[in-house]
Structure formats: structure tokens, C-alpha cells
């Protein structure tokens, strides 16, 4: 593609369930197998060719740009361009997922990756082919779902064949069998504008807005596609889950 595809990594949350670890360290900088969660994502994005990254910050947010420095690099030595959306400095707290994305829209493009900085998915491949396929579609979002972990047995969204794109799957907000949203997805700018989202671009008032209602409205109108990801994945939501990851052997 001739345009730069950016990625937004969500890193503004307080991480209440991770206390006391997050009393002094923002959750995305907690160490998993020798490096911060956030670094795993940045490295994976860089390997896929996506080195223009936006990170939102709030709780202990000054630690994140300090970690990457003025000339950020991936672990493989690849130069990165990292921009920051300072929700904590601007509004005193995080703006929730959709509120944070809308705040950062002026830094993003027409199509962009979004992923949460507090999940561990070391094998996920951020590919140009996935971006090109999504850009050719008429969808507003494409999500990667995962088998339900123990802490989310009911799942989030269902899957069904997409009649508009045979061979593809459509995400459903109402389904008997559901999977868990991995927090990794491709998004089109249009999802964060009327009629799906009423918060103006740039979110100048700092309105807190969750993402799930936007996605469900778009799903109900068949504007969201999805696929099942079965690689290594973990929501690092508690100190116990973090400890378990660090006890396991690194991915070969």
C-alpha cells in the first residue's frame, strides 16, 4: 500500500487488578519473560513493517515515553516513530477505549491497527496482507477472536459465515456460541464518527467512551468481520496470570 499504516497501542489504563504491581509501574511496562508487555507489541508490529505507532498514556504515563526514549528502537534494532496521546496530562485520567481512540484520531490514518498494551500475544503476525484485505472490504472493523480463557467463559462475540464475502466470517453481537475479543483489530476511521460514535474527532472535551457498544452497533449492521486466532495469547489481568506466564518457557 502507498500510505503508511499506523498502529495504536492502548496503554492508558490504571490496572487496578494488578495492584500493588501497578502502584509504581504502568501495567504495559510490567515484565513478561524479560521485557515489558508493551515492548512485545512494538517489536511484533515492527517485524510486520508497522513502525509508525501511537501510544496513549494516563496512569504513570511519563514512564512510557521514558522507556522508549527520543530515538525508539525495536529489540531487533529497527527505528520506530512513536507518537503519544497524553490523556492523563490533558484530562487527568484515561478516556476508556473508544474515547482514547477518538482522542488520537488526528494522529491516525483511514485504516489502522488497534491493540491493548496489556495482553501477551508473542506469535501474532501483523501482516500487510491482512491490512490490504481489510482495506478492500466494506467493513468498519476486523477483529481477531480467541478461544475463551477461564476468566471469560461466556466470551464476547460470535462468528458466522459472511454472506457478502464467502469464506470470511462475520462477527455477531448476538450468538449462542461466543469467543473472546483478543483486543487486536483493524479499524476504519469511519467507525469513530456519526452515526456510530457521537464524540467529535480529537475528543476535545475528553469524553469517556467504551468501544464495545460501537462494535455491537456495527456488528448488528454487518459491518464487522472477524477471524479466530489460536496462537499463544493471554490477558495479563492479575498478578497471578503474570506470574504464570513468567514461569512458562519462552515461545521457541
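Observations on the structure shown:
- Filtered residues of the stretch 61-72 (kept if surrounded by 15 or more Cβ atoms within 10 Å (Cβ to Cβ) and not in a helix (DSSP H, G or I)): 61, 72
- Any chance residue 56 is modelled with pLDDT of 95 or more and within 29 Å of residue 197 (Cβ to Cβ): yes
Residue-wise test of (1) in contact with a helix residue (DSSP H, G or I) (Cβ under 8 Å, 6 or more places away or on another chain); (2) without any contact (Cβ under 8 Å) to a residue 24 or more places away in the chain.
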residue: 31; (1), (2): yes, no
residue: 46; (1), (2): no, no
residue: 56; (1), (2): yes, no
residue: 61; (1), (2): yes, no
residue: 65; (1), (2): no, yes
residue: 82; (1), (2): yes, no
residue: 107; (1), (2): no, no
residue: 127; (1), (2): no, no
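- Residue 145 being closer than 23 Å to residue 44 by Cα and touching a residue at least 40 places away in the same chain (Cβ under 8 Å): yes
- Check on residue 48, surrounded by fewer than 23 Cβ atoms within 10 Å (Cβ to Cβ), closer than 28 Å to residue 111 by Cα and modelled with pLDDT of 90 or more: yes
- Some residue of the stretch 15-24 being in a loop (DSSP other than H, G, I, E, B), surrounded by fewer than 21 Cβ atoms within 10 Å (Cβ to Cβ) and without any contact (Cβ under 8 Å) to a residue 24 or more places away in the chain: yes
The values are calculated or read from the model by the stated rules, or taken from the named source; none is laboratory data. Computed from a prediction, not measured in an experiment: that's the story for all the values here. Glycine gets a Cβ as well: all are built from the backbone with ideal geometry, and neighbour counts include every protein chain shown.
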